[in-house]
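The values are calculated or read from the model by the stated rules, or taken from the named source; none is laboratory data. No experiment lies behind these values; they were computed from the predicted model shown. Backbone-built Cβ (ideal geometry, glycine too); neighbour counts: all protein chains shown. Ligands, DNA and RNA are excluded from the accessible area calculation, which covers all protein heavy atoms including side chains. Shrake-Rupley method; radii C 1.70, N 1.55, O 1.52, S 1.80 Å.
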Amino acid sequence: VQLQASGGGLVQAGGSLRLSCAASGRIFSNNGMGWFRQAPGKEREFVAAINWRGDYTAYANSVKGRSTVSRDYAKNTVALQMNSLKPADTAVYYCAAARSSGTASTTRDYAYWGQGTLVTVSS
């Protein structure tokens, strides 16, 4: 069981990034998938989630309208496209596989976690 997040980096405010998470097949097809982030000194917080079929998504209010989560079954990947980035978006971003097939939004609902990828947004 592995989740590998990538795509983080340094970007100016107003820019865009696309994060990707590669998952092992056993935990991908039937699980909801989510993205969380953790800024220095803060709790890990929900960003976005997508259900097992990819036809329902959920977003935190802080990123709604600026972000899109999607999944590619052929590649076993989940992506998070983030636009109009703000310095407040600076954090380590984690992908996770849910215990269920839906769009869970709390950390306890997720069983598997990737290692995180750092996003830094400069003003």
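Out of region 44-79, which residues are under 18 Å from Leu17 (Cα atoms) and not small (Gly, Ala, Ser)?
Phe46, Val47, Tyr59, Val63, Lys64, Arg66, Thr68, Val69, Arg71, Asp72, Thr77, Val78
Which of the residues spanning region 45-59 are open to solvent by less than 80 Å² (accessible area, probe 1.4 Å), in a loop (DSSP other than H, G, I, E, B) and touching a residue at least 40 places away in the same chain (Cβ under 8 Å)?
Asn51
Looking at region 108-123 only, could you name the residues that are surrounded by fewer than 16 Cβ atoms within 10 Å (Cβ to Cβ) and either in contact with a Lys or Arg (Cβ under 8 Å, 6 or more places away or on another chain) or charged (D, E, K, R) (or both)?
Arg108, Ala111
Need the failing condition index for Arg99 against (1) among the basic types (Lys, Arg); (2) open to solvent by 40 Å² or more (accessible area, probe 1.4 Å); (3) within 12 Å of the chain's Cα centre (by Cα), just the number.
(3)
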